[in-house]
Amino acid sequence: MDGIHVIICLLWACVNLCECEPAMFGEVSSPQYPQPYPANFQEQWDLEVPQGYQIQLTFNHLDIEPSPDCYYDSVSVVSDNKVLGKFCGQNSTDRFHPGDKPILAPHNRLQLVFLTDVSNHELHIGFTAFYQAVDIDECSSSSVENAPCSQICLNTLGSYLCACHHGYMLRPDQRTCVLECGGGVHSESEGTISSPGFPDVSPLNLDCIYTISVQPGYMITLNFSQNFHIEQVYNQGQTCLFHWLQVSVPGKKPEKYCGGKSPGVLNTGANFVQLEYHTDRYGQSQGWSIHYTTQRVQCPHPGIIGNGTITPNFAQYLYRDYIHVRCMPGYKLMMGEKEILSFKSICQSNGKWHLTLPECKIIDCGAPKQLLNGDFQFISGENNEYLSVIEYRCNEPYYRFKDTAKATYRCAVDRKWTEVNNNDIIPPCYPECGMTTEVSFGGRVFGGMQARPGQIPWQLLHKMHTRGGASLISDYWALTAAHVVDGLENTTMTWLGGITEARNQNPVIMEAEKIIIHPKYQRVSLRGHQTNYDNDIALIKMSARVPLGPNIRPVCLPNKTHESVMEGTMGTVSGFGGFKEGLTSEILRYGHIREYPSEKCVFGKMPVSKNMFCAGDDVEHVDSCQGDSGGPLFFPMLGHGSKEQRYEVRGIVSWGPVRCGDVSKAYYTKVENYLGWIEETMANN
């Protein structure tokens, strides 16, 4: 402590009053040291260290005029008016020189008194000394009257503390002890409890109670020392009558112990134990000592779980240990009927797991997606479970996948039906196009051959307004001539398919949802007659998917890599148009025609463009006629590679001479020139 300074200020002066804690060490020197000290001089130093310490002085250097009994010049060390030493001389060999031996005062104060006579002939320089505080061992010091503590003395820096033996309590005087056994609660995880005064003889007439109580989840183990003796008396089969140690555990019958044999180790299995030590007024017991420890409560091994693992894997599981359950790939955690994302259970203080184990059940991918115009079947597995395999197939022969005959999917870990390359997208089934029964050569549309059911399955018929035809090119779209539907875009238009007779009572009826005419088609007419058939092409989107079958199927579009029409190539035209002079056919007729150069197909002043070509047959007089407009001119597909012959529509019946059969030639819209527009329109609608 540096001290407390109090400054009192008057009107004309200030006085500094200091209450300072004595220093722990310091230094004292004679006047003018290391110069010679003055003659005829007297000075006294009062040295002090804090209470609870002794003061010790050591001369670092001393050069005082020597004389017998230091009569002329001297320095004296005084404590409690008792001279501890009077010194003079120059060397440690001089009789009255202190040398470097410390001088220890009995208390915390001493005085230094320095005296010189009237002369200092040899000019002696005096002294310098170092003083310091030295701790007093009060527990062994004879300076403390009697014993400072009645039982145990603990020396501290500058003081001391008293303590008592086990079973005794320190009195308010902080020095003496009184018997106090039991009381209080031992809550530490480990400790030692002994009988009063152990290993000395226990006092008589004791009733001591000791309580050990630790937190739940821990069990107490009592380990008795081998030095155990409690008076044992036998009387009619009973023992431990007058002196005994009783151990009580909740839920169990109390046990009394006495005699000279140690009980050894007792596993109480509880977190609370009470010890009661009793002696009467007679007899003698040496007493006992117990070292107690605690261990965590053990939970039963959780066991095993099918198709899963329990971590961590311990030999035994104790209070506050926890376990996780993880399922193998393809399995899910289930708690009863509820799926859970994770599972953790903790060993409780009562030795039980706070949650019972879940189950690992195989995952399922749910019902496979339905394939439009197709179906699936299980190849392996069942109930849509993990690793089950299904195979999709299109409804053949009317639909097929684009690049494969079948598509195989497996129920994967992510609960998706997934292909081998981890693709979970099911490919669509595309309509098989251009398939039909063989079309035999011969016959005429204008007076041509009657088609058999399924022979030209893409042929569609429109009977309202002006009769016309169309070609089914998918299960939603049909292709026709623009002039057939011109002005009917916003009209409910019905098309018939799957028939070879116009009056068939069970046709496939198709309602048009959209009619899209080519944007460059010129709607020019003269007195109701069309004067320009360039871009004479239109698309019809049906309002519902057309149910394909043996009698109604789409025709293929031309292959972009081949010439769509080659001069002299034979194709087939079909329709429900005129077949005799002034007669409209009620049955589907077909005939085979070939392409001709445009110069052989001049009909009046009607303009001819590169988007149309001329075809007919001068020999057999096969020709299309009114009512056939919009219908197909189809050809066998070249280089298809399939065992079955397919057909593609290369022309649309467009225009020709007014009288059918007079010239036996007509113009057809060249479908090849519009493939990009057809694909784009279908994709955008």
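Rundown of residues vs (1) more than 21 Å from H186 (Cα to Cα); (2) among the aliphatic types (A, V, I, L, M), yes/no style:
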position: Q215; (1), (2): no, no
position: Q226; (1), (2): yes, no
position: L241; (1), (2): yes, yes
position: E255; (1), (2): no, no
position: N271; (1), (2): no, no
position: L275; (1), (2): no, yes
Completion exercise
Out of (1) part of a strand (DSSP E or B); (2) aliphatic (A, V, I, L, M); (3) surrounded by 12 or more Cβ atoms within 10 Å (Cβ to Cβ), the one V178 does not meet is (3)
Practice task
Name, by its number, the condition in (1) under 30 Å from P196 (Cα atoms); (2) surrounded by fewer than 16 Cβ atoms within 10 Å (Cβ to Cβ) that does not hold for F130.
Solution key: (1)
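Quick grid of which residues meet (1) surrounded by fewer than 19 Cβ atoms within 10 Å (Cβ to Cβ); (2) touching a residue at least 40 places away in the same chain (Cβ under 8 Å); (3) out of contact with any strand residue (DSSP E or B) (no Cβ under 7 Å at 6 or more places or on another chain); (4) not polar (S, T, N, Q):
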site	(1), (2), (3), (4)
E511	yes, no, no, yes
P519	yes, no, yes, yes
R553	no, yes, no, yes
L557	no, yes, no, yes
Practice task
Return yes when T681 is among the polar types (S, T, N, Q), closer than 22 Å to E513 by Cβ, surrounded by 15 or more Cβ atoms within 10 Å (Cβ to Cβ) and modelled with pLDDT of 95 or more and no when it is not.
Solution key: yes
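Could you grab me the full set of residues in the range 561-580 that are more than 20 Å from T500 (Cβ to Cβ) and either surrounded by 12 or more Cβ atoms within 10 Å (Cβ to Cβ) or at pLDDT below 65 (or both)?
T561, H562, E563, S564, V565, M566, E567, T569, M570
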Problem - Candidates G630, G616, filtered to the one that is closer than 25 Å to T436 by Cβ, crowded, with 24+ Cβ neighbours inside 10 Å and in contact with a helix residue (DSSP H, G or I) (Cβ under 7 Å, 6 or more places away or on another chain) - result: G630
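Table: residues versus (1) surrounded by fewer than 16 Cβ atoms within 10 Å (Cβ to Cβ); (2) under 60 Å from the mean Cα position of the chain (by Cα); (3) within 27 Å of M24 (Cα to Cα).
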| position | (1), (2), (3) |
| --- | --- |
| D69 | yes, no, no |
| G89 | no, no, no |
| R95 | yes, no, no |
| A163 | yes, yes, no |
Fill in the blank from the handout: Here the residues within the range 396-415 that are touching a residue at least 60 places away in the same chain (Cβ under 8 Å) and farther than 30 Å from T311 by Cβ are Y398, Y399
Practice task
Please enumerate the residues belonging to the range 223-257 that are over 28 Å from R281 (Cβ atoms) and part of a strand (DSSP E or B).
Solution key: N223
Exercise for the section: Restricting attention to strands (runs of 3 or more DSSP E) lying wholly within the range 340-386, give those where 3 or more residues are touching a residue at least 40 places away in the same chain (Cβ under 8 Å) and within 28 Å of the chain's Cα centre (by Cα). Expected result: 359-362
Problem - Residue selected from the range 475-505 under the condition among the hydroxyl-bearing types (S, T, Y) and over 59 Å from the mean Cα position of the chain (by Cα), by the criterion farthest from G575 (Cα to Cα) - result: T491
Exercise for the section: Could you list all residues from the range 47-59 that are out of contact with any Asp or Glu (no Cβ under 8 Å at 6 or more places or on another chain) and either within 14 Å of A129 (Cβ to Cβ) or not in a strand (DSSP E or B) (or both)? Expected result: L47, V49, Q51, Q56, L57
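Residue by residue, here is whether (1) basic (K, R); (2) within 30 Å of H324 (Cα to Cα); (3) crowded, with 19+ Cβ neighbours inside 10 Å holds:
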site	(1), (2), (3)
T239	no, no, no
S248	no, no, no
C258	no, no, yes
K261	yes, no, no
F272	no, no, no
Y277	no, no, yes
Y282	no, no, no
S285	no, no, yes
I290	no, no, yes
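The values are calculated or read from the model by the stated rules, or taken from the named source; none is laboratory data. What you are looking at is a predicted structure, and each value in this text was computed from that prediction instead of being measured. Using ideal geometry, Cβ is built from the backbone for each residue, glycine included, and neighbour counts are taken over all protein chains shown.
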